[in-house]
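Some notes on the structure that comes next.
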Amino acid sequence: KAGVTQTPRYLIKTRGQQVTLSCSPISGHRSVSWYQQTPGQGLQFLFEYFSETQRNKGNFPGRFSGRQFSNSRSEMNVSTLELGDSALYLCASGLAGGRVGFNEQFFGPGTRLTVL
Amino acid sequence: ELKVEQNPLFLSMQEGKNYTIYCNYSTTSDRLYWYRQDPGKSLESLFVLLSNGAVKQEGRLMASLDTKARLSTLHITAAVHDLSATYFCAVGDRGTSYDKVIFGPGTSLSVIP
């Protein structure tokens, strides 16, 4: 069974640009969560989607948004990039029919975003 | 608001020794997860603890959960160099029906030969 895939793996952008990251969950998983990981703030919850609906959102500004498609693939978008947005962005998928927090999460390899 | 703490944050230990990493959380939950992260890599799931008193073991690692004390422990037995990594605990937020998972700051473990 293929694992969680994320594209692109590495990205370099400049301040003010916008970026879209993609996550394909494990087949059959309907829940996708996004996290931001930085050395200073650690792993922070961004949002979680289940069946195309955002169920929860973390404490991030509105520049961070996401969506989930009918095939459970998810994208997150960051507009008007700031230097502080440089981070590893991880997505995780959860077991079909379950809730992310109820069952195990499986993490993708991450997208390393660098903002210059 | 659910907060998750870990201690120690940094741990340097000799091979063959035992040690315990502690994970405390601030609000009621019975969904506790342990992950391992190697430098530059993603997170690998180690244990899923879903009830009070749950204990799971894999190799030299054993995790337990005490929901009354809001405490989980990750015990390392006879450490080997391959266990060097950062270990995160994460807690399901009961206030969101566990849809939201909050991570601790991580414990950076270095096992010295």
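Could you list, in sequence order, the residues of region B:38-53 that are of a type in the set (Gly, Ala, Ser) and in contact (Cβ under 8 Å) with a residue 12 or more places away in the chain?
First pass over region B:38-53, keeping only residues of a type in the set (Gly, Ala, Ser): B:40, B:42, B:45, B:51, B:53.
Hits for region B:38-53 are B:SER45, B:SER51, B:GLY53.
Collect the residues in region B:71-82 that are within 13 Å of the chain's Cα centre (by Cα) and either buried (at least 20 other Cβ atoms within 10 Å of the Cβ) or at pLDDT below 95 (or both), keeping them in residue-number order.
In the first step, residues of region B:71-82 are kept if they are within 13 Å of the chain's Cα centre (by Cα); the result is B:71-76.
B:SER72, B:LEU74, B:ILE76, listed by residue number.
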- request: For residues that are within 10 Å of chain B (Cβ to nearest Cβ) and of a type outside the set (Phe, Trp, Tyr), tally how many sit in region A:34-45.
  value: 5
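Suppose the filter is more than 14 Å from the chain's Cα centre (by Cα), over 20 Å from B:TYR33 (Cβ atoms), surrounded by fewer than 21 Cβ atoms within 10 Å (Cβ to Cβ) and away from every other protein chain (no Cβ under 14 Å); does A:THR20 pass it? Steps first, please.
On the way: more than 14 Å from the chain's Cα centre (by Cα): no; over 20 Å from B:TYR33 (Cβ atoms): yes; surrounded by fewer than 21 Cβ atoms within 10 Å (Cβ to Cβ): yes; away from every other protein chain (no Cβ under 14 Å): yes.
No, not satisfied.
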Flag if A:GLU104 is surrounded by fewer than 17 Cβ atoms within 10 Å (Cβ to Cβ), charged (D, E, K, R) and farther than 20 Å from B:LEU32 by Cα: no
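Hand me the list of strands (runs of 3 or more DSSP E) wholly inside region B:24-66 holding 1 or more residues that are at pLDDT 90 or above and small (Gly, Ala, Ser).
Details: elements: B:32-37, B:43-49, B:55-58, B:61-66.
Because the criterion is at least 1 residues that are at pLDDT 90 or above and small (Gly, Ala, Ser), the strands (runs of 3 or more DSSP E) in region B:24-66 that meet it are B:43-49, B:61-66.
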field: Those strands (runs of 3 or more DSSP E) lying entirely in region B:73-113 with at least 2 residues more than 8 Å from chain A (Cβ to nearest Cβ)
entry: B:85-92, B:107-112
Members of region A:8-46 that are farther than 23 Å from A:LEU95 by Cβ, in a loop (DSSP other than H, G, I, E, B) and not β-branched (Val, Ile, Thr): A:PRO8, A:ARG9, A:ARG15, A:GLY16, A:GLN17, A:GLN18, A:PRO39, A:GLY40, A:GLN41
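The values are calculated or read from the model by the stated rules, or taken from the named source; none is laboratory data. These figures come from a predicted structure and were not determined experimentally. Using ideal geometry, Cβ is built from the backbone for each residue, glycine included, and neighbour counts are taken over all protein chains shown.
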